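Below: one structure in structure tokens.
Please treat every number below as a calculation from the coordinates, not as lab data. Keep in mind it's a predicted model, so treat the numbers as computed, not measured. Virtual Cβ from ideal backbone geometry, glycine too; neighbours counted across all protein chains shown.
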Ligand SMILES: NC(=O)c1ccc[n+]([C@@H]2O[C@H](COP(=O)([O-])OP(=O)(O)OC[C@H]3O[C@@H](n4cnc5c(N)ncnc54)[C@H](O)[C@@H]3O)[C@@H](O)[C@H]2O)c1
């Protein structure tokens with residue numbers, strides 16, 4: 001018995017880092033998982049890891065969450081392959097860090113498109129398969145077959161504010177507004193919508209930044225971040241995946257519109 005037996009989940013950005021850990025955790029707990037990413041190679045690597053846990057439990061769907069046609073296709077593929085859609089994890093994210101006075105339109109637009117519009121695109125693309133199905137179940141039987149789940153991502157950096165991340169922090173806090181609003185719109189359909197804020201978690205977004213690279217964090221800033229964490233260690237993708245599992249599972253069926261920080265106790269001023 002797993003916590004997600006017979007549940008079908010879409011995990012965006014599941015080719016690397018936290019998304020990959022979520023996909024593997026979900027498969028281990030009995031779910032059928034659609035692995036989305038823009039990059040095919042890491043997505044296939046995640047699928048191979050899931051396959052090693054349970055044969056046939058996952059498929060890959062390549063596409064950008066920033067493109068509405070891709071997100072429509074993503075949700076449709078989940079239903080075509082596995083027959084239903086119960087869980088959406090809006091994990092895909094990207095950074096383009098630069099101080100505001102140097103930020104380009106491209107830096108701003110890309111980060112908003114992936115981190116914020118991407119979340120909304122995915123939520124809207126689930127409507128026929130989650131909201132409308134739940135509505136029908138309520139009309140026919142007075143109850144839903146299962147409580148469906150949306151888990152969005154924001155960030156402790158966004159709550160605190162973070163120099164060099166005007167685009168990213170604005171997008172991530174936008175996801176808090178989205179979470180609270182969709183939770184109210186969809187509460188009557190018994191769809192839980194919650195958000196997770198990872199603290200500083202070891203992935204390619206936070207790896208030591210080499211000169212000339214677009215992703216990563218300069219080592220002095222990494223060390224400063226570590227000093228602010230009471231646990232004195234960075235988070236692991238599995239630390240985050242375990243809380244996402246809670247929010248995707250029946251253990252949280254009466255929790256909606258909430259935000260959880262997973263940060264080793266990072267103090268937010
Ligand atoms: N790592 C941290 O410390 C940290 C902290 C706070 C929040 N987060 C958030 O956690 C989530 C996961 O980040 P991560 O640290 O695992 O990063 P990561 O870079 O390791 O993984 C993100 C994945 O998203 C994919 N992706 C990027 N753009 C996409 C798009 N348009 N459509 C589909 N997939 C796309 C990437 O290819 C990558 O595989 C993100 O939303 C990120 O903002 C991370």
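I need a count of the residues in region 210-227 that are surrounded by 14 or more Cβ atoms within 10 Å (Cβ to Cβ), in a loop (DSSP other than H, G, I, E, B) and within 13 Å of the ligand (Cβ to nearest atom).
The total comes to 2.
Conditions first: (1) buried (at least 18 other Cβ atoms within 10 Å of the Cβ); (2) touching a strand residue (DSSP E or B) at 6+ places or on another chain (Cβ under 8 Å); (3) in contact (Cβ under 8 Å) with a residue 40 or more places away in the chain. Residue 259 passes all but one, so which condition is the exception?
Failing condition for residue 259: (1).
Of 218, 198, 208, which residue is without any contact (Cβ under 8 Å) to a residue 60 or more places away in the chain and closer than 23 Å to residue 39 by Cα? Step through it out loud before you land on a result.
Details: 218 fails: closer than 23 Å to residue 39 by Cα; 198 fails: without any contact (Cβ under 8 Å) to a residue 60 or more places away in the chain.
Every option except 208 fails the conditions.
Consider residue 205 against the criteria (1) in a loop (DSSP other than H, G, I, E, B); (2) out of contact with any strand residue (DSSP E or B) (no Cβ under 6 Å at 6 or more places or on another chain); (3) within 30 Å of residue 133 (Cα to Cα): it satisfies all of them except one. Which criterion is unmet?
The one condition residue 205 does not meet is (3).
Please verify whether residue 183 is closer than 24 Å to residue 108 by Cβ and buried (at least 19 other Cβ atoms within 10 Å of the Cβ), treating the condition exactly as stated.
no
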